[in-house]
Structures are given as C-alpha cells and as structure tokens.
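The values are calculated or read from the model by the stated rules, or taken from the named source; none is laboratory data. Keep in mind that this is a model prediction, so the values were computed, not measured. Because the Cβ atoms are built from the backbone with ideal geometry, glycine has one as well, and the counts that use them run over all protein chains shown. Ligands, DNA and RNA are stripped out before the accessible areas are found, and what is left, the full protein with its side chains, is counted by its heavy atoms. Shrake-Rupley method; radii C 1.70, N 1.55, O 1.52, S 1.80 Å.
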Amino acid sequence: MESLDNAVLYHIGLNRDLIENAQYVILPGDPGRVEELAKAIGKNAKFIASHREYTSWLTYVCEKPVLVMSTGMGGPSVAIGVEELAQLGVKNFIRVGTTGSIREDLNIGDVVINKASVRLEGTSSHFAPIEFPATADLDITLALRQAARELKIPHKVGINVSSDTFWPGQERYDCFSNYVLRRFQGSLKEWQKLGVTNFEMESATLFTIANVFGLRAGAINGVIAKRTESETVASRDMYKVAEKNFQAVTKKALEILISEEIHK
C-alpha cells in the first residue's frame, strides 16, 4: 500500500516526490500561463502533471524547487488546491494573475500587490466566519513590494475585492442581461470611496485559508483593465506588458524570500 507521504492526491495529481518537497508554490489561474511563468521565474523548468484545472510545472529559484500550479478561476478550486498542497507540505503560496483596476492612479500594465481582500465570495466562509480578516502574509507582501521597487515597475499595494462572479459582483453591465442585482448597484463607487484598488476572484479564499492553516500567502496581479476609463480589456501588447511585469516581480520576490531563508 502506498504511503501517505507518496500518495498522489486526488484533485491536483501531485505527490511529495513529484514536487520535490517544494515549500513555495506560484498559483496562476490559467493552465495556459503555467509553462511560460515557470520558465520566466526559474531555471530548468519541467512539466510534472496535469489533472482537471490543475496544470503543474516545477522550476528552480536559488537552487530550490518552486512549484507553479494553475487553479482555474474562483475560490472553490483555489481552496481544493491549497488544501491538497498543504497536505504535501507546501508552506508559501503566491497568487499571480490579471486584474481590473478601479483607481485612477493604477494603470494598464502596472502591478497591484494585495495586502488584504474583501470577502465578497462564499468559499472562505467554509473555513472561517465572515468577521475573520482575509490578510496576506507580511513578509511575502513586503518582498513583492521590494521587488517591484528594485525593478522600478509601477505598482500599488492595496486591498482588493474578491468576487465569486466576473459580472454582477464586480458591477459589470456588459453582460448578457445588462442587469446587476440591486445589492451590487453602486458598489464599485463605494469600493472606490473605501480605497479599494482592484477586483479579482481568488485572493480572499487564499488569504483566509492560509491564515487558518498557519501558512503564508501573498498576491500580485497585472492590470489589464482600467475600469475608471473603460470595461475593455487591454490590447494584446499591453496584456503582455502586464504579464511580463508580474513575472519579473514574482521572480525577484522569490529570490529575496528564499535567499533570506538560506542565510538565516
């Protein structure tokens, strides 16, 4: 009978041997983004598994294994992925992806580093009551900020809104019905007044679970829509700028974090 330590977990299709006991994981949503991201942030990147929405590559930063695994979109699949990765001994989680800015001073191509999330979703409430804050790990957040500063990449640190839906929860009217429930009408302006930087769909779940489990999590996203001007997603060229920026910041932050651990 296979030992628990070497068991391939049901949803993500990984075990400890496959991930080489990696302590860090980078979590994009899109499976199609994994290969390029793994090659951009580390050396000798290699494919290791693909099961459901979870496509995984392993790369090496400062000679240490770093897992890059997609989660798909939204909180439920993030929760499953984090749960199984935690069972494999992963301690550090960094969510990367794209986002829509709701601030005038956060432009397409910039990166936004989220220190906390508004829990406008349901998954996290299965792990902690709604009063429990969804906050990022301080060390990971500071490493991401330091990396962006050193690389001179335009960035903001702020609080996002994590929504279960792309259209109504983010008060988008460019949907099939052109209608948003009354509870969300005017919500974008309210979040702006409260200083929120951006909308996305995963961080609240990740931050909540990581805190409950005693793990560390951070998040960085490239801005591909500036909703103070338009609902339109950026051109392919600007999309790639945002992508390259969050890749570079993530790589540098990993080097900072891993180097600090090596030299403790």
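Accessible area per residue for the chain is 46 Å², calculated with a 1.4 Å probe on protein heavy atoms, without ligands, DNA or RNA. What residues of region 210-228 lie in the reach of a label at E36, counting those whose backbone N is under 14 Å from a point 7 Å from the Cα along Cα→Cβ? The answer is 222-224.
Taken about its Cα centre, region 63-159 carries a charge dipole of about 220 debye when Lys and Arg each add +1 at the Cβ and Asp and Glu each add -1 at the Cβ. Rounded to whole numbers, the Karplus 3J(HN,Hα) couplings from phi for region 96-105 are 10, x, 10, 7, x, 7, 10, 10, 5, 9 Hz, using 6.51 cos²θ - 1.76 cosθ + 1.60 with θ = phi - 60°, and x at Gly and Pro. Carbon-plus-sulfur accessible fraction, region 117-192 (probe radius 1.4 Å, protein heavy atoms only): 59%.
Overall form of region 92-231: oblate. Here a/c, set by the Cα gyration tensor axes a ≥ b ≥ c, is 1.5 or more, and a/b is not larger than b/c. Averaging the sequence gap over all C-alpha pairs within less than 8 Å and six or more residues apart, then dividing by the number of residues, gives region 106-264 a relative contact order of 37 percent. Accessible area per residue (1.4 Å probe, heavy atoms of protein chains only) ranks E35, E131 as E131, E35, with the largest value leading. Each peptide among 153-162, 111-120 gets the average number of other Cβ atoms lying within 10 Å of its residues, and from highest to lowest they stand as 111-120, 153-162. A Gaussian network model of the chain, with springs between Cα atoms under 10 Å, assigns the largest mean-square fluctuation among G32, G13, G81 to G32. Going 7 Å from the Cα of L138 in the Cα-to-Cβ direction, what parts of region 208-222 have a backbone nitrogen less than 20 Å from that spot? Those under the cut-off are 208-220. Candidates N92, I19, H126 compared by Cα position along the dipole of the chain: farthest toward the positive end lies N92, with charges placed on Cβ. The chymotrypsin sites (Phe, Trp or Tyr not before Pro) of region 1-105 that DSSP puts in a loop, and whose beta carbon has at most 15 other beta carbons within 10 Å, are Y10. Basic side chains Lys and Arg get +1 at the Cβ, acidic Asp and Glu get -1 at the Cβ, and with that the dipole of the chain about its Cα centre reaches some 600 debye. When each of the peptides 190-201, 253-264, 175-186 is scored by how many other beta carbons lie within 10 Å of its residues on average, the order from highest to lowest is 190-201, 253-264, 175-186.
Comparing R149, R216, R33 in a Gaussian network model of the chain (Cα springs below 10 Å), the most mobile by mean-square fluctuation is R149.
Taking label positions 7 Å along the Cα-Cβ direction at both F47 and K193, the computed distance is 5.1 nm, reported to one decimal. In terms of distances greater than 31 angstrom between alpha carbons, the cross-link table entries K43/K156; K115/K244; K39/K189; K189/K251; K91/K193 yield K39/K189; K189/K251; K91/K193.
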